[in-house]
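Input: a single structure, listed below in structure tokens.
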Amino acid sequence: MIKIENLVKNYKNTKALQGVSLEIQKGETFAIVGPNGAGKTTILNTILGLIHPTDGQITVDNIEVSKDPKEIKKRIGYLPQRISFHDNLSVFEVVEFYGALRGVNNTKLGNILSAVGILEQRNKKVGALSGGMLQRLTLAQAIVSDPQILILDEPTISLDPEGRIAFKKLIREEQSRGKTILLSSHILSYIEELADRIAILVRGKVVALDTLEGLRTKLEMGSILEVVIENPSPLAIKLVEDLGANDTEIKGKNLRCRIYPKDKTNVIKALIQNDFNIADFWTEDPSLEEIFIKYTEENSDS
């Protein structure tokens with residue numbers, strides 16, 4: 001649905017994007033993550049036709065953005081990092097305005113406000129809204145026309161915990177309806193939960209692109225295995241380290257180590273065969289935050 005080919009953007013002495021190529025499938029939730037200044041917002045704005053690339057091409061539904069940006073905008077709901085509304089307008093008036101621009105019937109606006117959790121504030125002035133409520137209003141204007149593509153730039157940046165839960169619920173509903181969603185966020189736990197695939201951007205280059213599980217596998221970081229042993233001893237550490245574990249330690253009755261998933265069963269078997277009484281065990285896979293830090297460190301000087 002969205003195809004980016006060799007995208008380059010230069011600003012005088014700054015190379016914002018250096019040959020970025022991505023393909024986002026219809027119905028996919030795709031995330032772009034990266035440190036500040038990596039070029040995430042530049043990519044989103046270029047898709048929207050708000051920024052003209054130095055080189056490269058973007059197509060949306062087989063339409064070149066550079067040739068018909070107005071048609072592209074009709075197909076996309078956009079939530080920018082920052083947006084300003086007139087303080088004297090009510091919540092409903094703001095959504096009504098954006099709905100009118102998109103040809104939306106007023107009878108549907110209540111459902112939109114309800115979906116983002118601000119229906120009760122519909123008569124409240126924008127100037128009296130909290131940061132979280134203002135962010136919900138921003139999300140409402142993005143989905144008001146029921147677009148097939150949603151581009152969300154830091155959508156949870158000002159939301160309180162309740163708002164973030166509501167945001168996740170809304171995104172999952174949009175996913176279930178087959179929407180194509182492109183998002184960027186510094187709150188990596190939300191990306192981890194929602195994204196089908198993730199691109200990691202560093203210094204204007206895509207340094208990794210895969211599913212979360214694929215990124216874990218490529219880095220060979222291993223998982224944390226924690227085993228509760230009723231009769232712990234130093235022998236347990238030697239056994240698991242002989243099987244390839246590292247970062248091994250025992251605290252109380254808990255043995256904790258990092259090991260590849262394929263070796264987990266062998267570790268448990270070895271402990272049992274050597275008369276260790278196992279009360280419980282569990283694994284923790286590397287989080288997106290750990291993966292992000294690893295890729296960023298490895299490519300920070302590239």
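Brief remarks follow.
- Residues of type lysines that Lys253 reaches as a straight line, Cα spacing below 20 Å, ignoring anything fewer than 8 places off in the same chain: Lys238, Lys264, Lys269
- In the chain, the DSSP-assigned H stretches of four residues or longer account for a calculated mean residue ellipticity at 222 nm of -10500 deg cm²/dmol, using -39500 (n - 2.57) per stretch and the full residue count as denominator.
- Segment Asn36-Ile250, length gained on full extension (0.36 nm per residue, minus Cα span): 73.2 nm
- Scoring 130-141, 203-214, 267-278 by mean Cβ neighbours within 10 Å over their residues and listing the highest first yields 130-141, 203-214, 267-278.
- Low-density loop positions, trypsin sites (Lys or Arg not before Pro), the stretch 1-89 - DSSP coil, at most 16 other Cβ in 10 Å: Lys12, Lys26, Lys67, Arg75, Arg82
- Entries of Lys12/Lys40; Lys26/Lys73; Lys3/Lys67; Lys15/Lys73 with Cα pairs more than 24 Å apart: Lys15/Lys73
- 0 to 90° range, to nearest 10: angle between helix 288-299 axis and the chain longest Cα axis: 90 degrees
- Straight Cα distances below 12 angstrom link Lys218 to the aspartates and glutamates Asp210, with same-chain residues fewer than 8 positions distant left out.
- Theoretical FRET efficiency, 1/(1+(r/R0)^6), r = Cβ-Cβ of Ile293 and Ser233, R0 51 Å, to 0.05: 0.90
- Bridge type composition, the chain - antiparallel percent by DSSP, nearest 5: 70 percent
- Sequence-distant residues sharing a close amide H with Asp160 (under 5 Å, placed H): none
- Whole-Hz Karplus values for the stretch 160-172 come out as 7, x, 5, x, 5, 5, 5, 4, 4, 4, 5, 4, 5 Hz, taken residue by residue from phi with 6.51 cos²θ - 1.76 cosθ + 1.60 and θ = phi - 60°; glycine and proline positions read x.
- Candidate values [x] 44, 19, 17; [y] 44, 25, 16; [z] 43, 38, 16 were compared with semi-axes √(5λ) of the Cα gyration tensor in Å computed on the shown model; the agreeing label is [y].
Every number in this text was worked out from the coordinates using simple rules, so none of it is lab data. Treat the numbers as computed from the prediction; the structure is a model and nothing was measured. Note that we place each Cβ from the backbone using ideal geometry, even for glycine, and neighbour counts take in every protein chain shown.
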